[in-house]
Structures are given as structure tokens and as C-alpha cells.
Amino acid sequence: MTPTRKWTLRLLTAAVPILVLGGLEAAGHAYYWRTHNRTFLWETASAGEKGFMRMDPFGLLWYRPQARVRLLHYANYTADLYTDDLGFIHNGDPSRRFDPDAFNVLFLGGSTVEGRGSSSNGATIPARTESCLRSGSTARVDVYNLGFSGDNTFVESLRVRTRWQELSPRLVISLDGRNDYHAWFVDASVEGTGHPGSVGVDGLYNASGSLGAVGSQIHAWLVFRSALYKAMSELLPGPQERYPRRGASERVEEAARHYLANHAGTTAWLEGVGVPHAVFVQPTLGVAKPPTPAEHEMMAGFAAEAEGGQAYFDDLARYYRAVSELARGTDGVHDLSGLFEGRAERLYVDSVHYNDLANDLIAGEICAAVLREYGHLLRGEGGPAPAGG
């Protein structure tokens, strides 16, 4: 074979996989565009509307500043939400400027914290919590809503680590639980990390977080690699353990342990930079509260479409019981999973998200706990916080 033919063969060998993968990528985007109101994945907005998301070097999605946030799968029942100059869902005051001298609180969570189901920006849980904290103390309290649809404990930890220096928080609040279970049940990720196959959150951050721009690229590559690992592990047989997508009730307790372990890692990291962390286990439909007829219908509709059907809610209840048992007596962890117990009124707009009344109830509990355990910080007294529970 001549040298020319050898080089031609090598080029073809290299080009064919690229062309195949590129074709699959294009086909996937075309399918997404056709099935999502002629909207490309990177736009995540209605046709003709400017995209409102951006990706940072760490592989995290954020909302753009001063944008209208309209997620297509939530558009049928909830008001649009709007961001401030920092790209966070604001609390009804879009013109607020960041004040480094204020008692700044970062509020982490998924779509319920972000505000899906709320009637307006001012009705979200962070907004109501801010209002309560301001009325209960003399400090200038500013709460920043870092909630983002789909976030679990792994992503929340990355989110706060990438923004804490910029935002100078005096306290970090997390309200979550449901998304970690959902990641385990639907994505077969017992760790609830959101990036199955990756190293733990501490290892992932520490491997790159102190290396500046180069570290950011390493971090993005690790996130990409973990996603690729997951895809390949599902396509190719291998020696690794396979987690079934349904009927895996025996692993619910393990998912609960990983949820709390992720929070423990975030708490330890925040303590290292001098910031306390208050964790709140969120209430969820199907646990504690007797559903109204409308809520029962929403649960049935979700079960009819979800992986595993009714098993989804059966294991959800077991997961929450495990979290409650494991979290009992843990400092800084507050179990709100039974907050709605015995309440007959409707508190959900769908099988996941709260209405304004539920937001008020949750914000009231969070505010009371913060004033009780961190009131000395609000008064500028400093020192360690009393033990929580």
C-alpha cells in the first residue's frame, strides 16, 4: 500500500466516527426541536424568544441577568419568573443591587425553591423567607435565590462553591430532598449526584477548584467525562453493578444516606470558609399530607407516566422515612417532611410544586428556625450557632 493510500485510510478511519456522532447529534437536536414547540435545546424558550440560559466553565447552567424565565414544561400552570442583575430569580425587586455589607443569605434548591408554582416572584419561598427575616430582625437581610430547576444536592454544592466569594454569604440555606430521590429512581443514580460515574463532589471540586482558568477547564472536562461514562455504561455491558430503573426498593435507604452525606460534605466545606449551612428536608406530595381529590388526581396522572408507576410514590414515602430517621438529631438538619400533615386544603399545583399558601408555610418554618439558631449572627454578635435539630 502506498503512503498516500495509508494516509487516506487513516483520515477516513478518523473521520467516520466523527461524522456518525455529528449526524446523531444533529438528528437529536432536530427531534428535540420538532417535539418542543420548534425550540432548540440551547434556547429553552418559546419560538422567537431570546434564550435565557448560559453555561459556566464548570458545566453549570445559570439564568441570564434581567431575563424572563419560561420553562416549556412548566408554562401551562405557572407565572413567568424574572431574574435580577446577577441572573437569580429575584424576590419582587428586580432593581436591587448587591450589598456586600448586608446579611446575605444564599438559598439553594430545585424548582420548588426557584419558584415553580408560585404566582409571582414575590411569592416564592426565598422571597417570603426574606420578608420574614427582615421583619424579625434589625439587620439588612438580602436573600438570593440560587434555586434552579432539577438541582439536587450534588449540583447545589457545585453552585454555591462557584459563587460564594462573589456573594459574601453569612448563611446558606438548602431546601430539597425530592430531586435526589428522583435522580436515584429515574436516572438509576443511587448517589443522587446528577453525574453518575463521576468522583464525589469534594473530589471533583478539589481537583480543579484552586487552579483558576485551567481548573475550570479540567472541571468541565470531568463533568463531560462523567456524563459520557454514564451513557457508555448504559449502552455497553460491563462488570459494574447495574441499578434497575424500577423495583429497587431495597436501595431506598442507601439513596437517603447519600442525600445526607452530600449535605454533610457541603456543610463541612462551608464551615471551612466560615459560613453556616442550614438544611431543610422539603415536604412532598405523597408523604404525610392526605391528598385532596385534585392532588390525588395529579399523583395518579404522574404515576401513569412515571417510571415504575405507583412504585415511584411507594418508594418516595420509604425514602422520606429513611431520611427522617437518619437525620434525627443531626445538627443543622431540619425535617419539614411532615409539615403539611393533617392539613386538608390544597397545597400543590401539580405532583411536585407548591402553591403560594404552601410557600408561606414553608418560609415561616425556615424563618423561625433561622431566627432561633442564627439570630445571634443577625444581631452581629458572632460566635458559633447553637445546635439545630
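Things to note:
- Some residue of the range 175-190 being modelled with pLDDT of 90 or more and among the polar types (S, T, N, Q): yes
- Just one of (1) part of a loop (DSSP other than H, G, I, E, B); (2) in contact with a Lys or Arg (Cβ under 8 Å, 6 or more places away or on another chain); (3) among the aliphatic types (A, V, I, L, M) fails for ALA363. It is (1).
- On inspection, GLN310 qualifies as at pLDDT below 90 and polar (S, T, N, Q).
- Yes/no for TYR319 being within 20 Å of the chain's Cα centre (by Cα) and either farther than 30 Å from LEU106 by Cα or acidic (Asp, Glu) (or both): no
- Single match in GLU166, GLU156 (criterion: out of contact with any Lys or Arg (no Cβ under 8 Å at 6 or more places or on another chain) and either surrounded by 23 or more Cβ atoms within 10 Å (Cβ to Cβ) or outside the structural domain of ASP80 (by TED's automatic domain parsing) (or both)): GLU156
- Residue check for LEU371: within 28 Å of ALA127 (Cα to Cα), in the same structural domain as ALA256 (by TED's automatic domain parsing), under 21 Å from the mean Cα position of the chain (by Cα) and modelled with pLDDT of 95 or more: no
- Taking the range 270-287 as the range and being of a type in the set (Gly, Ala, Ser), in a loop (DSSP other than H, G, I, E, B) and buried (at least 19 other Cβ atoms within 10 Å of the Cβ) as the test, only GLY286 passes.
The values are calculated or read from the model by the stated rules, or taken from the named source; none is laboratory data. Treat the numbers as computed from the prediction; the structure is a model and nothing was measured. When we count neighbours, we look across all protein chains shown, and the Cβ atoms used for this are built from the backbone with ideal geometry, even at glycine.
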